[in-house]
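Accompanying notes for the structure given below.
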Amino acid sequence: MANVDRVTFWTRKRDRSLFANGGSLVICGLLAGVVVAAASFPAVAMSGLAAKAGSQGFAELPSELEQQSAPQVTRIFASDGKTQLAVMYDEFRSDVPLKEISVNMQHAIVAAEDHQFYEHNGVDLKGVARAFVNNKQGGSQQGASTLTMQYVRMSLAYSAKTPQQAIDATKDSPERKLTEMKYAMQVEKELTKEQILERYLNMAPFGNGAYGVYAGSQVYFQKKPKDLTIAEAALLAGMVKAPTSFDPTTPSGYPQALDRRNYIIDNMRDLSYITPQQATQAKTVKLAKTTKRPGNGCVSVAKNNWGFFCDYFYRWWLSQEQFGATSYDRERQLKSGGYRVVTSLDIKAQASARKEITDQISDKNRNALLLAGVEPGTGRVRALAANRKYRLDDPEHPKNKLSSNPDLAEKGIRGTYPNTTNPIITGGGDIVGYQAGSVFKMFTMVAALENGLGLDHSITSGSTYKSGYIIDPSSDAACPGTHFYCPSNASKSEQGTFNMWTGFGKSVNTYFVPLQEQVGAEKVVDVAKRFGVQFRARQDAEFANDPASAHQWGAFTLGVSASTPLDIANAYATLAGDGMYCKPTPIQRITSADGTKLNVGQPDCTRATSKDVARRALDAARCPVGDQAQLGNCAGATEPNARNAVGHPIFGKTGTTDADKTAALVVGTQSLVVAGYLVNPDWAGHYDRMQHGIVNPAVYRTVADYMDGKPEEQFKKPGE
């Protein structure tokens, strides 16, 4: 959260007595030493300011300057703490200590704004009188504000809590000038000249979205402020007075910026900060006519394929009450708080996921291959990738084609390919998820184990099964002439006697629907909730939150509820985490601007099932992906190539929905669980048949890449 630095200025009794008793003579006292200048114009010229001082009481003006630190850039890094993923800001600004600011820049700002900076006590009395005389006599307006007074003005503006306070802090009025003078003199008592100069340079505006000297150096010269030359420093110093008027990147601003830069260089020479030779050489340097602003937010990192993860982090931040009462407050904190966020994104895993996706499917394909990777035991999200570009489609020159949903296409609505900012991998907003098929059978197996059934629990299954679940008799899933749910297997050859190892390994529908009946579908739904399935779709939520409705949810075990790859990766990671469900998090650590480590986003884990149940369920889950169970026999796999490809002990499950509208696979180790979906995000009722030959290799090869070079780690047995 933004740091508030309160500088309290205590008014001494002798000061209060002096100023309070002086009444309207206060300003005369302040202007001591400039009597000659004051005598050169009518007394009435001073009367307005003096009257203000007398009526208000200079000593009674506020003596506490509450300065809320100026907005700072928040930087987002990958898990290595080095790879910068994105920056987020309202104002591009990042404070730096004075020792990291070129002496040229320090001298240039003094030469530009306040020649007497190192001599005065916050108020340049001669300058005030001179400006007052000049302004009253109709000359060009002079402000006579010292660097310290300007710093006070900026501080008051940034600490303003209402629009009126911001106006009062910057309007041209005697009251404001008096307040600045009072604060400035107090600031000079509390801070050194070096501290004032550092704060000023970190707060000043330099135009083109650059606030503070670090940003100015980056935007105009793409360098650090410690490396600024005389010419560069003079240009920046010249812009503070009027960033728009002295903007060298505009036709009208260029000549004015050049003249002011050279004027400041001459001042630096006259103040003996530089030699005449250095001044002459500096004035020959051509001005930069271009700027380079850093990208802001998640869209700016689309080219690096980090956009979907960045978006997930952003949405996560906005959901955290620690950062504010409302989403607006939280966004302001993110974009002004100067945080250093080290996320959970693993660069290797992310790059691998994107590569494997690209090898399987084009970014321009209307179908989306979505991958999510989660670390068991922590919930840290290590990868989020898709065959999509995270960016908004150009409204004037759109690259996206019309939606594959004919109803939307008829209205001229475009699809999400190749460009989208929708959270298609993680869910949120209008994205409720997708039917994933048989990956949901794991929840039924866990519920059965929790209720006393063993992995060897056998059921003799036919190619179809007449259940006791009541559905609409007109449904294709109803047994002919009845209102009973009548599921069938993918192949008629899938019949016989199965247990959990063989039934799960071959994904036998007619084993798992009766198993769910025996346990109670509401208990299976409860397991899914404990394992992190979000039930974002309205009808799914209604069923999931009503035990009576859930009891009749016959097809639940076959994955008819909407979910996302992140949901399922994290659910299966719960098995590898010995039954501990950890909320998915994009965070490794967060440090505030003052260096404080925040205890937010850290692993938040609860026991979802017992350790032994998790280990037994995982043992059966080794069968579908070509591995060998330690407690029983598999006798078949729906994705037999995964184990050899990964080269480590693995577990997982395939999933397919009716008419192959979705194809899914989840593969996990003790270190990483990856779930992949092949879906059409724009139209659930599409007619394409999704192919496991696309999604499966992308999933298990991503896991293989991540595990390459890691020592083999065997899964633990119950009781160990």
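The values are calculated or read from the model by the stated rules, or taken from the named source; none is laboratory data. Fair warning: this is a prediction, and the values are worked out from it, not measured in the lab. Note that we place each Cβ from the backbone using ideal geometry, even for glycine, and neighbour counts take in every protein chain shown.
Below is a table of values for the structure above.
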{"quantity": "Check on residue 653, among the basic types (Lys, Arg) and either surrounded by fewer than 21 Cβ atoms within 10 Å (Cβ to Cβ) or at pLDDT below 95 (or both)", "calculated": "no"}
{"quantity": "Output for the stretch 685-720, where each listed residue is touching a strand residue (DSSP E or B) at 6+ places or on another chain (Cβ under 8 Å), surrounded by 16 or more Cβ atoms within 10 Å (Cβ to Cβ) and not in a helix (DSSP H, G or I)", "calculated": "690, 715"}
{"quantity": "Boolean, residue 269 is part of a helix (DSSP H, G or I), buried (at least 18 other Cβ atoms within 10 Å of the Cβ) and either at positive phi or without any contact (Cβ under 8 Å) to a residue 12 or more places away in the chain (or both)", "calculated": "yes"}
{"quantity": "Selection status of residue 303, out of contact with any strand residue (DSSP E or B) (no Cβ under 8 Å at 6 or more places or on another chain), free of Cβ contacts under 8 Å to residues at least 24 places away in the same chain, assigned to a helix (DSSP H, G or I) and assigned by TED's automatic domain parsing to the domain that holds residue 596", "calculated": "yes"}
{"quantity": "Helices (runs of 4 or more DSSP H) completely within the stretch 500-544 that count 3 or more residues being modelled with pLDDT of 95 or more and in contact with a Cys (Cβ under 9 Å, 6 or more places away or on another chain)", "calculated": "500-505"}
{"quantity": "The listed residue being farther than 27 Å from residue 233 by Cα and over 15 Å from the mean Cα position of the chain (by Cα), out of 303, 292, 335, 283", "calculated": "303"}
{"quantity": "Among the candidates 614, 675, 645, 664, residue that is farther than 25 Å from residue 527 by Cβ, small (Gly, Ala, Ser) and not in a loop (DSSP other than H, G, I, E, B)", "calculated": "645"}
{"quantity": "Within the stretch 363-394, tally of residues that are among the β-branched types (Val, Ile, Thr) and assigned to a loop (DSSP other than H, G, I, E, B)", "calculated": "1"}
{"quantity": "Of all residues making up the stretch 73-117, the number that are farther than 19 Å from residue 180 by Cβ and either modelled with pLDDT under 95 or outside any helix (DSSP H, G or I) (or both)", "calculated": "27"}
{"quantity": "Condition met for residue 349 (crowded, with 23+ Cβ neighbours inside 10 Å, touching a strand residue (DSSP E or B) at 6+ places or on another chain (Cβ under 8 Å) and not in a helix (DSSP H, G or I))", "calculated": "no"}
{"quantity": "Filter pass, residue 659 being at pLDDT below 95 and either in the same structural domain as residue 369 (by TED's automatic domain parsing) or at positive phi (or both)", "calculated": "yes"}
{"quantity": "Among the residues listed as 594, 578, the single one being touching a Lys or Arg at 6+ places or on another chain (Cβ under 6 Å) and outside any helix (DSSP H, G or I)", "calculated": "578"}
